[in-house]
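S.K.: This is the structure I want to talk about, given as structure tokens.
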Amino acid sequence: MDSKVIREIKVKIQDYQHYGIVLLSLSSFLYLGTVIPFAGKDTADAVVCGSASLAGLGFTALMYYQAKRLKKRLQEYQ
């Protein structure tokens, strides 16, 4: 296997992990928006924040799944 391809796979793994960290941070921030009470917040705001938080967690899982899949591919090539 070419070292250029291996390097590209390693970069993609790092990118997917970084995307996962950012999405996890965003999801936790949105979850705090649903949990912490404040004046003027209605049910629709909580539903939107909760849904966005769950969607972010789903995309986080997808990013880590892709990183894990690429790690397996990298081990096969080496």
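The values are calculated or read from the model by the stated rules, or taken from the named source; none is laboratory data. Just so we're clear, the structure is a prediction, and the values are computed from it rather than from any experiment. So basically every Cβ, Gly included, is an ideal-geometry build from the backbone, and we count neighbours across all protein chains shown.
S.K.: Here are the criteria: (1) modelled with pLDDT under 90; (2) assigned to a helix (DSSP H, G or I). Tell me which single one residue 50 does not satisfy.
M.R.: (1) is the only condition that residue 50 fails.
S.K.: Name the residues in the stretch 1-27 that are surrounded by fewer than 13 Cβ atoms within 10 Å (Cβ to Cβ) and not aliphatic (A, V, I, L, M), would you?
M.R.: Correct list: 2, 3, 4, 7, 8, 14, 18, 25.
S.K.: Search the stretch 29-54 for residues being surrounded by 14 or more Cβ atoms within 10 Å (Cβ to Cβ) and among the small types (Gly, Ala, Ser), and hand back the single one that is farthest from the chain's Cα centre (by Cα).
M.R.: That would be 46.
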